[in-house]
1. Residue under question is A145, and the condition is that it be more than 27 Å from the chain's Cα centre (by Cα), within 24 Å of L115 (Cβ to Cβ) and in the same structural domain as I7 (by TED's automatic domain parsing); does it hold?
2. Does E261 fit the bill of being in the same structural domain as G333 (by TED's automatic domain parsing) and assigned to a loop (DSSP other than H, G, I, E, B)?
3. Being under 25 Å from G336 (Cα atoms) and assigned by TED's automatic domain parsing to the domain that holds I136 narrows it down to one of L70, L82, so name that one.
4. Assess whether I101 counts as being β-branched (V, I, T), part of a loop (DSSP other than H, G, I, E, B) and within 23 Å of T69 (Cα to Cα).
5. Can you name the residue in the stretch 182-197 that is under 24 Å from V239 (Cα atoms) and in contact with a Leu (Cβ under 7 Å, 6 or more places away or on another chain) and, of all such residues, is surrounded by the most Cβ atoms within 10 Å (Cβ to Cβ)?
6. Within the stretch 375-383, is even one residue under 17 Å from A310 (Cα atoms), part of a strand (DSSP E or B) and of a type in the set (D, E, K, R)?
7. For a quick check of your reading of the model, give me the residue pairs whose first member lies in the stretch 34-63 and is more than 25 Å from W112 (Cβ to Cβ), whose second is basic (K, R) and in a helix (DSSP H, G or I), with beta-carbon atoms closer than 9 Å and at least 6 apart or on different chains.
8. Of all residues in the stretch 433-449, count the ones that are under 21 Å from D411 (Cα atoms) and either among the polar types (S, T, N, Q) or surrounded by fewer than 17 Cβ atoms within 10 Å (Cβ to Cβ) (or both).
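The values are calculated or read from the model by the stated rules, or taken from the named source; none is laboratory data. Everything numeric in this text was worked out from a predicted model, so none of it was measured. Methodologically, a virtual Cβ is constructed for each residue, glycine included, from the backbone with ideal geometry; neighbour enumeration extends over all protein chains shown.
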Amino acid sequence: MTLIKSISGIRGTIGGAQGENLTPIDAVKYAAAYGAWIKQQRDKSLHKIVVGRDARISGHMVQELVMQTLVGMGIHVVDLGLSTTPTVEVAVVLEKADGGIILTASHNPKQWNALKLLNNKGEFLNAEAGQEILNIAENGKIDFADVDALGQITINDAYIDIHIEEILNLPLVNVEAIKKAKFKVVVDAVNSTGGIAVPLLLEALGVDPVKLYCTPNGQFPHNPEPLKEHLGDLMELVVKEKADFGLVVDPDVDRLAFVDENGDMFGEEYTLVAVADYILQNTPGNTVSNMSSSRALRDVTNKYGCSYTASAVGEVNVVDLMKETHAVIGGEGNGGIIYPELHYGRDSLVGIALFLSYLAEINSSVSELRKGYPAYFASKNKIQLTPELDVEGILKAMEAKYSSEDINTIDGVKIDFEEKWVHLRKSNTEPIIRIYTEAKSQQAADDLAERFINEIIEISKS
């Protein structure tokens, strides 16, 4: 069982011992630290925080603990209940709130939960703010409100509808063209809050949704990470229903992947590529993705005479670089779309609307669209961390061994070869080393990953 305390939030498994897992005491401790940090940012009489959760089994328990802790600090809470990460981000801005908390462990299995923390812009905290909250949790003195100054909880379950309305009002979301196309789409929402939000969005766009695992009960029917090996049921149903395509979102709806009309994966990496292609045709500008994302975004960006830049892994790093470079579109190769015209956060709902707009305007099948992009193949692997594994030592050894290659060390070690690359880094959200590779064939990508896994094992033994 695990508790991971990092600058990006607090994530852990439910049950077990305090301080080693995400127990009720740990949830209260870190919610209080966040509340104290929020109160330090602005000296005023009323602070307000938006709180929402995905549908995982522990969500209601953790949310009540978090909200009542904030109430005890004299902070008012806007309770969105079952929601999505991007919806909470949008709500923070529209509510003019001081921050937001999403209770979700994203793609982690059902025994996990987490507190994802937002600033008053509805964006994830930077490293400095995250560290300040960790310091408060471990060393700070936290003051609670007296009985006449307790916070209040306001329930607002309208924000998914408000979020969808904001999307429909975007100039590049072509509602009329989508409605005329009469798309039929299969939706796999892994029995989380995408099962609420995605069908509502599709129906508003005149799309016929075929629901697969759309009951928000937290009983994930398969591993919730939207990868090919987990999506057999979706692939089969797309073909059976003769649908135009299928889509899957993760439990908190910030990652998006497509399946084409033949039941084949469009490619998680190509979600961002396709949406960027559409955006750049209409509003040329710079793009950003993280170092573990496909070269295909760079290629598409260059096609329009625009500039691509790679950031360190982590949404906050992508957002910072997008702001710095005035990027018109960005995100992460894991299916995360960040469209600043709406907000600076990964958002599957706006990704779906933009993808549908593109398909409708070009009158193309999903498989034909995919053929138009450079063919890159990825292999995503991981090695479980053990106490004897010296991650920093391994990465330094790799950097030295491949010093003659094009190396980037802003986040782990990325080694760019002429027609392939490998990125080695310690995960921020799980106790693992990630090994991502990309090449011009699946076999080459898999072989490169296997080679580096073996090299890591050998170095760890030496």
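1. yes
2. Working: in the same structural domain as G333 (by TED's automatic domain parsing): yes; assigned to a loop (DSSP other than H, G, I, E, B): yes.
When the stated conditions are applied, E261 passes them.
3. Going through L70, L82 in turn, the sole match is L82.
4. On the way: β-branched (V, I, T): yes; part of a loop (DSSP other than H, G, I, E, B): no; within 23 Å of T69 (Cα to Cα): yes.
The answer is no for I101.
5. Filtering the stretch 182-197 down to residues under 24 Å from V239 (Cα atoms) leaves 182-192, 194-197.
After this cut, where a residue has to be in contact with a Leu (Cβ under 7 Å, 6 or more places away or on another chain) as well, the list is 183, 185-188, 196-197.
Details: F183: 19, V185: 23, V186: 26, V187: 25, D188: 30, I196: 21, A197: 28.
By that ranking, first place goes to D188.
6. For the stretch 375-383, residues under 17 Å from A310 (Cα atoms), part of a strand (DSSP E or B) and of a type in the set (D, E, K, R): absent.
7. Final answer for the pair search is H47/K39.
8. Initially, the stretch 433-449 is screened for residues under 21 Å from D411 (Cα atoms), giving 433-439, 445, 448-449.
Subsequent filtering for residues that are either among the polar types (S, T, N, Q) or surrounded by fewer than 17 Cβ atoms within 10 Å (Cβ to Cβ) (or both) retains 437.
So the answer is 1.
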